[in-house]
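Working notes, beginning with the structure itself.
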Protein chains: 2
Amino acid sequence: MTVSAARMRVGFIGLGIMGRPMAGHLVNAGYAVTVHNRSRAAVEALVAGGASDGGSPAGVVRVADVIILMLPDTPDVEQVLFGPQGVTEATRPGQIVVDMSTISPVATRDIAARLAEEGVAMLDAPVSGGQKGAAEATLSIMVGGEQAVFDACFPLFQVMGKNIVRIGEIGAGQVCKACNQVVVAITIQAVAEALTLANKLGVDSAKVRQALLGGFAQSRILDLHGQRMLDGNFQPGFRVNLHHKDLNIALTSGGAAGVPLPATAIVQQLFGALRGRGDGDLDHSALAKLLSALSGLD
Amino acid sequence: MTVSAARMRVGFIGLGIMGRPMAGHLVNAGYAVTVHNRSRAAVEALVAGGASDGGSPAGVVRVADVIILMLPDTPDVEQVLFGPQGVTEATRPGQIVVDMSTISPVATRDIAARLAEEGVAMLDAPVSGGQKGAAEATLSIMVGGEQAVFDACFPLFQVMGKNIVRIGEIGAGQVCKACNQVVVAITIQAVAEALTLANKLGVDSAKVRQALLGGFAQSRILDLHGQRMLDGNFQPGFRVNLHHKDLNIALTSGGAAGVPLPATAIVQQLFGALRGRGDGDLDHSALAKLLSALSGLD
């Protein structure tokens, strides 16, 4: 790194539900931010707030030291980096690509190797905390990559998040995110099975949740998503469609590494069933809605 | 209830790993306690401490107002209550049976109905917290049955536990315990899948656990059992054999009620695989040991 954090010029590509407020925080923190997004509305809103319009991924790269990506899935990241007018049409040695999307850890390692050939460093830095965390700059950020590159980008992460941890080398952030999504999905299903069982057996599931919170079954999911299930409140939150995608990443990574993930596979199938019922845009706690329906409770 | 709590005479049947310290606490609290157990060693130890030897379930009942059961499984409870020299050979109207075993909620409702014909009240009051909770009198106690009967027995529960909740009518304690065991088992599997995936993908699973504890994936299981998995410490704790039995209760109850429990079923199969490998006496966190073996990690 030859550029000090204070003078870092930031590129930001991908201004969706998450990327737009994240880029906004960087603008508000005083960074020179150049943005790009496929649809124009978000670009115009950021430019009105003080950002510059890069016009294309390559256009962003020409005026940035660090290029942040916040895109939906692995193919989108590959397209933005290596496609026509993509990032690598304009990269210079010494630049840093920070991919904050949630994508495949295996693909991440391949992408980093390709960027390294151009002299470009990379961090994978997926987040958790959702729309709320992005809006409030309280995201958890799980980072993979070299320590020196992490240190250089740390001030940027601090503008967007709170719990910022370097997990290991390149890909480790995505592995950690996949692990997070595995634990969250399966724990939601655990709570859904328990509360549905209580309900169908004629026992007050609110009392069951309360009793279980006092013992080994305690979890943040039992607390928050358990309450959502009791309230029948399945407005997102975090959407079934996105969690389904994230479990595909975990299962594909597990498949490549030879790790069977039987409970993950079951929950991915159940998310698929929710999508088939037209419930893909509900909160992931809708696993309880599916189980209630299967049990004849609605 | 015509007997005040202070003068309650207590019978205690089933002096295993859990029952023996629980009965000991009642003796130490000054109750007149009469005990019975199939094997003699535990009886003699309790008698040396001040308890009386009932000689049989019926013998216990003749000198007790409240009869506590702490037995391995549903058939054991049915045998002690209704078999030869069983509890019901000697019951008097006004007595109370408190079943603290973990058994089927459906069977519990049947048993309570049979006891009611004799004028005997019943509570189901299964516990969580394991050997440690029994030894330290910090058990969580989940109770089903009439409020007045619960109130009468509350002083006894206070001697053995800390988190004492009446969940609902008869059977509700067992339903709550089944729900607890479902959530705990599936959450252990969730953590096992995540940490094994990280491990096999070459990422420090200790750092993953630490990062996940800061977000939505947080649970007491991730904290305690996750640490066990990192340490490779599978000494019980709570044994695979017992958790396998408890999931059978949940699945049978779910089956009877028409509630499919797909993740519970998967974990019950994996507990079965551990039993088949001769690992039934390990701690239930050994689900991670099985997954490591399946992944070629040991």
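The values are calculated or read from the model by the stated rules, or taken from the named source; none is laboratory data. Every value quoted in this text rests on a predicted model; they were computed, and no experiment measured them. Here Cβ is always computed from backbone atoms with ideal geometry, including for glycine, and neighbour counts include all displayed protein chains. These area figures cover heavy atoms from the full protein model, side chains too; ligands, DNA and RNA do not enter into them. Shrake-Rupley method; radii C 1.70, N 1.55, O 1.52, S 1.80 Å.
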Worksheet item: Mind checking whether some residue in the stretch A:152-166 is assigned by TED's automatic domain parsing to the domain that holds A:G24, within 28 Å of A:T252 (Cα to Cα) and part of a loop (DSSP other than H, G, I, E, B)?
Response: no
Fill in: Candidates A:A263, A:A256, A:A286, A:A194, filtered to the one that is of a type in the set (A, V, I, L, M) and either free of Cβ contacts under 8 Å to residues at least 24 places away in the same chain or in contact with a Ser or Thr (Cβ under 6 Å, 6 or more places away or on another chain) (or both)
A:A194
Discussion item. Within the stretch A:35-46, does at least one residue satisfy the condition of being closer than 21 Å to A:V120 by Cβ, among the hydroxyl-bearing types (S, T, Y) and either open to solvent by less than 10 Å² (accessible area, probe 1.4 Å) or at pLDDT below 95 (or both)?
Written reply: no
Practice prompt. Taking B:R114 as meeting all but one of (1) open to solvent by less than 50 Å² (accessible area, probe 1.4 Å); (2) farther than 12 Å from B:Q174 by Cβ; (3) in contact with a Leu (Cβ under 9 Å, 6 or more places away or on another chain); (4) not aromatic (F, W, Y), write down the number of the exception.
Written response: (1)
Discussion item. So for the stretch A:246-253 (the condition being facing chain B (nearest Cβ under 8 Å) and without any contact (Cβ under 8 Å) to a residue 24 or more places away in the chain), does at least one residue qualify?
Written reply: no
Item to complete: Report, by residue number, each residue of the stretch A:244-296 that is among the charged types (D, E, K, R), open to solvent by 10 Å² or more (accessible area, probe 1.4 Å) and assigned to a helix (DSSP H, G or I).
Response: A:K245, A:R275, A:K289
Worksheet entry | Verdict on A:T88 being within 14 Å of the chain's Cα centre (by Cα) and of a type outside the set (D, E) | no
Practice prompt. Go through the residues of the stretch B:97-108 one by one and say whether even a single one is surrounded by fewer than 21 Cβ atoms within 10 Å (Cβ to Cβ), more than 14 Å from chain A (Cβ to nearest Cβ) and closer than 30 Å to B:H243 by Cα.
Written response: no
Item to complete: Mind listing whichever residues of the stretch B:75-93 are more than 16 Å from B:G119 (Cβ to Cβ) and buried (at least 24 other Cβ atoms within 10 Å of the Cβ)?
Response: B:V77, B:V80
Discussion item. Quick check on this structure: which one of A:V175, A:V191 is at the interface with chain B (Cβ under 7 Å from one of its Cβ atoms), in contact with a His (Cβ under 9 Å, 6 or more places away or on another chain) and open to solvent by less than 20 Å² (accessible area, probe 1.4 Å)?
Written reply: A:V191
Response to the item:
Those strands (runs of 3 or more DSSP E) completely within the stretch A:12-119 that have 3 or more residues that are within 24 Å of A:R166 (Cα to Cα) are A:66-69, A:96-99
Worksheet item: Taking B:V159, is it facing chain A (nearest Cβ under 7 Å) and either open to solvent by 40 Å² or more (accessible area, probe 1.4 Å) or in contact with a helix residue (DSSP H, G or I) (Cβ under 7 Å, 6 or more places away or on another chain) (or both)?
Response: no
Discussion item. Here is a list: A:L81, A:L115, A:L69, A:L123. Which entry is at pLDDT 95 or above and closer than 16 Å to A:G16 by Cβ?
Written reply: A:L69
Practice prompt. Name, by its number, the condition in (1) surrounded by 24 or more Cβ atoms within 10 Å (Cβ to Cβ); (2) part of a helix (DSSP H, G or I); (3) away from every other protein chain (no Cβ under 14 Å) that does not hold for A:A148.
Written response: (1)
